[in-house]
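Following: one structure in C-alpha cells, then a few remarks.
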Amino acid sequence: MTNSVKKFDSIRDDSRITWRNKFEFAFNVIGYNVGLGNIWRFSYLCFKNGGGAFLVPYLLSAVLIGVPLLFMEIAVGQFTRQGCIAAWDILPLMRGIGFSSMVICSLTNIYFVVVMAWCLFYFFNSLTTEELAWGTCNNWWNNQSCIPLGLIENWPNATNSSVDAVFRDLTNDSTIAAGISAPVQFFNNYVLQRSSGLSDVGSFSNWKMIGCFLLCWLACYLCIYKGIRTSGKAAYVTVIAPYVLMFALFVRGITLEGAGDGIRYYITPKVTRLAEPEVWLDGGTQIIYSLGICYGCFYGMGSYNKFSFDCYKSAYVFVLTCCLSSLFFGFVVFSFLGHMAFTEGKNVTDIAEGGPGLVFLVFPNAFNTLPAPQVWAAAFFLGMSFLAIDGVFTIVEGNITALADYWPHYFGHKGTQIWRAGFCGALILLSLPQFADNGIYVFELVNRYGASGIALLWVAIAETVAVAWIYGIDKFWHNVKSMIGYFPSFLIKYCIQFITPLFCMAIFIACCVEYTPLTLGNYSYPWWGEVIGWALHLSSMLCIPVVGLCVLCRARGATLQEKWKYATTSRLKTNSDAKESDLEMGKMIT
C-alpha cells in the first residue's frame, strides 16, 4: 500500500464496519445482480431477438455499459465510505442522483416483493402428494372453459391461434371460446383474483397471498436486521441454493425428449437480426436491469469494503458471473420449453413467452409432464424465491445504508432496529394495493413506470456525466489509483467519459420516441392511469435537477460562478483531527 493510501486511511472513519472478508461482499453482489431477470427476461429476449445473435449486443453492452458503471459505483462508494446519497458529497451539485436511486429502489421493492410472494405461493401449492392444483379443472376457481393439462393438444378445434391464446394473454376473459388452460385460470382467478380493470378495485380478500407477502418481508427483515452482519451471512445460502436447484433442473431438463430442439433454438444465431436496432436496445437495457446498475446499491455495498480492495478487477468478475448465469439459466429454460413443445406437438415459438407468463404459466405446465411433478415444481419455485430475496434485501440494505450515512443522527448504524422495521413496514403499506382484485393492474403500473428503463437510463447518464465531466475523470482516476495502487484500463476510462453516456443516451431517446401507452394484454389503461404512471416516472427523475437547483441556490457566493464553484467542490467529511470539515478529495490523497 502506498504512503498516500496509509495517510488517507489514518483520517478515515474507522468506526464504520466492513465486510468480514471479500467473499461476503462478492456473495452479496452476485446475489443482487443474479435474479429473476436472469431467468425469464434474458431467455425471452434471446428468443425474441434471434437466438444466439442476441449474445453479440448483450455481451458488447456488458463490456461497454455494465463493467464501467458497476465499477464506477462501487469505486465511489468504496472511496467515500458512504451510501448512494452521502457519497455525492464529492460533488454536492449532483446529490440528487442518490435521492433518485433511493426512489427507484423503493418503487422496485413495492412490486418486486409481490413477485417473490407469487413464487412462495406456488412453492407452497407444490407441497402436496395429490395432483398439482394448477393442472386440474375441478377447483372452485375454474369454470366450464377450463382446459386440463394434458388435453390441450387434443382440445376441439385447437388451431395454432387458439392454442397460442391460452398462453399468450394474462388478461383474456375466462369465457374465450377456445378455452383457457388450467394454469392460466389458477394464476388469474386464484393467485391474483383479477378484476376487469384498474378502476374495478373489487374486494381485498386475497389473504393467502397477503400471508405469503408478509412472510417474504419477514424473511427480508431477518436478513438485514443487524445490517451487513446478517445480510453477509444470509447471502451464502441465498446465492448458493438457487444454483444447486437450477443445476438439478438443468440435468433433468437436458435428458427430456425434445430438449435438444429447445436448446438448438436458443443457441442458433440469426445474424441478420443484428441489423435491427431493437436487438441492440434490448441488449443494452437487459444489462442495466440484470446487473442492478443505477439503483444505488453498489455504493452501499462498496462503502463496506476495505479502502485497498481491488474494486476494478472485481467488477469484471461480477459482470462475467451475471452473464454466465444468464446463459446457464437460458439452457434450463429452453430445455423444458423444448420438451413442452414436443409433448404438445407445437413449435418452441408457440410456447416461449416473456414476463410472468413464462414463469407462472408455462413452467407449471411443463412440470406436469414430468414424473413426480411436485418435486420439480417445488425445487423450481424455491430457487426462484431465493433468487428474489437476494435482490430484495440487498436493495433494502442499500436504502438503509444511504439513510444512515446521510442522516446519522436519526438512522445511525449503531442505533436500534426499530427504524429498520419501520422502513420495511412503510414499504409493506405502499405495496398492499396490489392485493386488491385490481392488483395486477397496479403491479404493472409500478413495474412499467416506477423502475423502468427510462428512469434508470436517466440516472446512468447523470452519474457518468457527473463523474467524467463535472468532477473530472482524471481526478476520479487518481482517486481509484490511491485505493488499488494502479490505474485501470484506459478503455474503461474512455467508456465512462464518452461511450457509456452516449450509448445510454441513444437508448433513452429511442425509448422516448418509441413510447406507447401502457397495456396489459388486451386491456388498455385509462388516461388517468397513464398520469399516475408518469408521476411515478417523474418522482425519481426530477430528483436530480430539483436537488441540484436547491444546492446551487443555497451555495455560498454572490455570483453564479461562485455558487457553481462551491456546489461542485467536494465536501467529504472525515474524522480527521483537522478543524476543517470541508476537504477537497484531491487534498485527502496527497
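The values are calculated or read from the model by the stated rules, or taken from the named source; none is laboratory data. Worth saying up front: this structure is predicted, and the values here are computed from it rather than measured. When we count neighbours, we look across all protein chains shown, and the Cβ atoms used for this are built from the backbone with ideal geometry, even at glycine. The accessibility values were calculated without ligands, DNA or RNA, using every heavy atom of the protein model including side chains. Shrake-Rupley method; radii C 1.70, N 1.55, O 1.52, S 1.80 Å.
With the convex hull constructed from alpha-carbon coordinates only, the chain shows a mean projected area of 26.7 nm² over all directions. Rounded, prolate or oblate: which one fits the range 189-258, using the alpha carbon gyration tensor with axes a ≥ b ≥ c (rounded when a/c is under 1.5, else prolate when a/b beats b/c, else oblate)? The shape class here is oblate.
Give LYS226/LYS493; LYS493/LYS565; LYS22/LYS270; LYS270/LYS346; LYS226/LYS563 a once-over and call out the pairs whose C-alpha atoms are over 31 Å from each other. Too far apart for the 31 Å limit: LYS226/LYS493; LYS22/LYS270; LYS226/LYS563.
Find the centroid of the Cα atoms in the range 14-92 and in the range 211-240, then give the distance between the two in whole Å. Going from one Cα centre to the other spans 20 Å. Across the range 389-506, the volume of the C-alpha convex hull divided among the residues equals 159 Å³ per residue.
Could you tell me which of rounded, prolate or oblate describes the range 432-582, using a ≥ b ≥ c as the square roots of the eigenvalues of the alpha-carbon gyration tensor, with rounded for a/c under 1.5 and, failing that, prolate when a/b is larger than b/c and oblate otherwise? Verdict is prolate for the range 432-582. Measuring only protein heavy atoms, the 1.4 Å probe finds LYS22 accessible over about 130 Å².
Is the range 73-136 best put as rounded, prolate or oblate by its Cα gyration tensor, with a ≥ b ≥ c the root eigenvalues, rounded for a/c under 1.5, and otherwise prolate when a/b is larger than b/c, oblate when not? Cα axes put the range 73-136 in the prolate bin. Taking the Cα centre of the range 347-479 as the origin and placing charges on Cβ (Lys, Arg +1; Asp, Glu -1), which of VAL467, THR394, PHE411 is farthest toward the positive end of the dipole? Most positive-ward Cα: PHE411.
Using only side-chain charges placed at the Cβ, +1 for Lys and Arg and -1 for Asp and Glu, the dipole size of the range 421-546 relative to its Cα centre rounds to 460 debye. The peptide list 265-278, 374-387, 238-251, put in order of mean Cβ contacts within 10 Å with the highest first, becomes 374-387, 238-251, 265-278. From its DSSP helices (H runs of at least four residues, each -39,500 (n - 2.57)), the chain gives a residue-normalised ellipticity at 222 nm of -19000 deg cm²/dmol.
Legend: residues TYR566, TYR494, sorted from most to least accessible area (1.4 Å probe; ligands, DNA and RNA excluded), read TYR494, TYR566. Charged side chains reduced to their Cβ positions (Lys and Arg at +1, Asp and Glu at -1) give the chain a dipole of some 2160 debye around its Cα centre. Derived from the Cα gyration tensor, the three semi-axes of the equivalent ellipsoid of the range 323-471 are 38, 21, 17 Å, largest first. Against the chain, whose longest principal axis is taken from its Cα atoms, helix 373-406 shows a tilt of about 20°. Compared with the dominant principal axis of the Cα atoms in the chain, helix 527-541 is inclined by about 30°. What is the log10 of I(q)/I(0) for the range 285-336, computed with the Debye formula using one identical point scatterer on each Cα and no solvent, at q = 0.31 Å⁻¹? For the requested q values the scattering log ratios are -1.20. Kirkwood radius and radius of gyration were both taken over the C-alpha atoms of the range 279-369, and their ratio Rg/Rh is 1.14.
Computed from Cα positions, the angle between helix 67-80 and the longest principal axis of the chain comes to roughly 50 degrees.
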